[in-house]
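Q: If you scroll down you'll find the structure; I have some questions about it.
We did not get these values from a lab; they are worked out from the coordinates using the rules stated. Values in this document were obtained by computation on a predicted structure and should not be read as measured data. Here the Cβ positions follow ideal geometry from the backbone for every residue, glycine too, while neighbour counts run over all protein chains shown.
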Amino acid sequence: MDILAEQVRAAGLPVEIAIEGEPMELPPGIDLSAYRIVQEALTNALRHAEPARARVCVRYAPDELELEITDDGTGTGDGGGS
């Protein structure tokens, strides 16, 4: 996630990464899916949130992984895009 966060920061979206719980090795499919979910959310924030900051929280729990991606942008919220 750190490399992804750096790429998004370089593109102009400040992003904070927070890890909660004890990080664990994930099965490859879940690891890739989590990465892609975060990547898509940050890309959408970069494109549609207007001036914004983003926060990614990765929560590890026994037998569970939770992702929370938020931004404070002023996008239209209409889901439209170019």
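Q: Which net charge results for the neighbourhood of Ala52, defined as the other residues with beta-carbon distances under 15 angstrom from its beta-carbon, given Lys and Arg at +1 and Asp and Glu at -1?
A: Cβ neighbours under 15 Å give a net charge of 0.
Q: Quick check for me: using +1 on Lys/Arg Cβ and -1 on Asp/Glu Cβ, what's the dipole size of the chain about its Cα centre, in debye to the nearest 20?
A: 380
Q: Run the numbers on the chain and let me know its relative contact order in percent, using alpha-carbon pairs under 8 Å that are six or more apart.
A: 32
Q: Put one equal scatterer on each alpha carbon of the range 1-42, apply the Debye formula with no solvent term, and list log10 I(q)/I(0) at q = 0.27 1/Å to two decimals.
A: -1.05
Q: Taking just the C-alpha trace of the chain, give me its Rg and Dmax in Å.
A: 13.3, 40
Q: Follow-up. Using only Cα atoms, tell me the angle between helix 28-48 and the longest principal axis of the chain; keep it within 0 to 90° and round to the nearest 10.
A: With both axes taken from Cα atoms, the answer is about 20 degrees.
Q: As I understand it, the dipole of the chain uses +1 on the Cβ of Lys and Arg and -1 on the Cβ of Asp and Glu, about the Cα centre. Which of Gly29, Leu46, Ala5 lies farthest toward its positive end?
A: Going by the charge dipole, the pick is Leu46.
Q: Under the Kirkwood approximation applied to all pairs of distinct alpha-carbon atoms, what is the hydrodynamic radius of the range 28-71 in Å?
A: 11.3
Q: Same structure again: Separation between the Leu4 and Glu40 pseudo-spin-labels, each 7 Å from Cα along Cα→Cβ, expressed in nm?
A: 1.1
Q: I want the antiparallel fraction of DSSP beta bridges within the chain, as a percent rounded to 5.
A: Values: 8 of 14 bridges.
Counting DSSP beta bridges with both partners in the chain, the antiparallel share is about 55 percent.
Q: Report the local net charge at Glu22: Lys and Arg +1, Asp and Glu -1, summed over other residues whose C-beta lies under 14 Å from its C-beta.
A: For residues surrounding Glu22, the net value is -4.
Q: On to the next question. Mind listing the long-range amide H neighbours of Val15? Cut-off is under 5 Å, sequence gap 5 or more, other chains count too, H placed in the peptide plane at 1.01 Å from N.
A: Ala54
Q: Another question, if that's okay. What are the ³J(HN,Hα) values, in whole Hz, obtained from phi via the Karplus relation 6.51 cos²θ - 1.76 cosθ + 1.60 with θ = phi - 60°, for each residue of the range 49-54 in sequence order, with x given for Gly and Pro?
A: In residue order, the calculated couplings are 8, 6, x, 7, 10, 10 Hz.
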